[in-house]
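Coordinate-derived values only; no laboratory data. Note that this is a predicted model, so its numbers are computed, not measured. FYI the Cβ positions are ideal-geometry reconstructions off the backbone, even for glycines, and counts take in every protein chain you see.
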Amino acid sequence: MSSHLPRGPHKFPALLELGVNALIKDYPVHWLKRDVRGLAERLRDRQSVNIDSERRTSIEYSARDVLAYIVSRFPSTFGAVTTALQHVWLDDAQFAPKQVLDFGAGTGAGTLSVLSRLFPQSFWIDHDDRGDVVDFNGFSKVPPEHIPRLVQIEPNKHMQSAARFFASFLRFPDSMMPLQSTSLSGAVGSAIAPSDLSICSYVLNELSSQDEVKSVISDVLGNTTKYAVFIEPGTPGGFSSIRQLRDDPSFRAMGFVAVAPCPRSQLTCPMGSGSWCHFSTRLERPMVQRRFKEDFSRSLEDERLSFVVMKKEISLTEDALDVPRILGPPLKRSGHVVLDLCHPKGGIQRQIFSRSSVEDGAYRYARKSKWGDPMPFFFPVSSVPSKLEVDRARSEAEVDEEPESH
Ligand SMILES: C[S@@+](CC[C@H](N)C(=O)[O-])C[C@H]1O[C@@H](n2cnc3c(N)ncnc32)[C@H](O)[C@@H]1O
């Protein structure tokens, strides 16, 4: 395993953008812009309310909030899920899920992201010579037996109906329509078999208490037979839920180990207090998002995420992917690259890959590396972890794309 993760920026599928436009077409633009601003403020305020605070309530979405979510957040959460899911297929390139659980599905970002990976051709649109949309097949021509069963757990009826709208818009055959329920133990709960791929994106940070967070995590893991992917905003609050679940011995006792972005034998997260493990994914902003979110002129957006891929029943001797992961943007300088690495056994280490001191392949790999990539070339470290904390204040623009000067 020596490959870099696919490079961005991610594109929101044009067919989904067509669906978003169809959904909002009768809604006054100025109302929607106001609702987008209101929702953004509520989500921003949430970052400053600690999960143990009595002021904390769960975030509720009205019908109008759901439209605001669709034009402003849905393309970004879709991109974040797509980024996190790359790590599932990096772990097992042949993985073909039989059943996908999208827990706290909202408008279906998790479900749709999996489908766009498995059936990219179903998201294509035919255009005429002038660039106008002629037609699309969606899923009408995909044999249903090739498609995983889809389960969406979502308590909010407006979110549920938006997810159904997208499924119909993409021409899901009846047999493919997601099974929707308000909870795993809800009306149809007893009929839901465990899934081999579960996704829980942007849910934990919107719950009202630690107990609720723990219960959602248990529900998701308890209904997963292989991979469970949790994604949260890349903030201290978002990371704290991710860390809580990856380090909790009770979840390990259920047979789960974190396999990404962490090296798998790193049983306890080595990130120091005051730092938070997060990643950045670059997204092409679809026109609909640019119209309704601030700053029309910006064509790209950097979405920060904290995430973990938990895998069930792996043995720790299975070491194919047990290589360091790159934390923070690589610092690329003339003749050398500085990487902060989360090591399988050695905590977080800063290592310098210079043209003169490491083998060619390692230097070239480091040169092309990016935040979140595995690092198969590294120097073994002693068992004493460095106290180094990743310096988040570095200018990312400066470090990410600096060209090599000769
Ligand atoms: C921010 S939205 C995320 C939607 C979607 N997963 C995404 O990534 O775009 C959070 C969703 O979690 C749902 N939710 C809240 N509490 C939940 C619970 N206890 N069980 C399942 N879903 C819940 C909300 O109704 C909302 O749709």
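The translational diffusion coefficient of the range 1-86, from Stokes-Einstein at 25 °C and 0.890 mPa s with a Kirkwood hydrodynamic radius over alpha carbon pairs, comes to 161 µm²/s. By the Stokes-Einstein formula, at 0.692 mPa s and 37 °C, the chain with its Kirkwood radius over alpha-carbon pairs has D equal to 148 µm²/s.
Using R0 = 25 Å, the C-beta based FRET efficiency linking residue 367 and residue 265 works out to 0.35.
Modelled spin labels at residue 94 and residue 215, positioned 7 Å past Cα toward Cβ, are 4.1 nm from each other. Annotation note: GluC sites (Glu not before Pro) in the range 17-89 located in DSSP loop regions with a Cβ neighbour count of at most 14 within 10 Å are 54, 60. Computed from Cα positions, the angle between helix 210-222 and the longest principal axis of the chain comes to roughly 90 degrees. Between helix 236-247 and the chain there is an angle of about 70 degrees, using the helix long axis and the longest principal axis of the Cα atoms. The stretch between residue 47 and residue 299 holds 88.2 nm of extra length on full extension. This uses 0.36 nm per residue minus the Cα-Cα distance.
For the chain, the longest principal axis of the C-alpha atoms and the axis of helix 74-91 are separated by about 50°.
Here's the picture: charge each Lys and Arg Cβ at +1 and each Asp and Glu Cβ at -1 in the chain, and of 362, 224, 167 the one pushed furthest to the positive end of that dipole is 362.
Each Lys and Arg Cβ is given +1 and each Asp and Glu Cβ -1; about its Cα centre, the chain then shows a dipole of about 340 debye.
Neighbour counts of other Cβ atoms within 10 Å put 269, 262 in the fewest-to-most order 269, 262.
Between the range 35-95 and the range 279-298, what is the separation of their alpha carbon centroids in Å? Spelled out, the Cα-based centre of one part sits 15 Å from the other.
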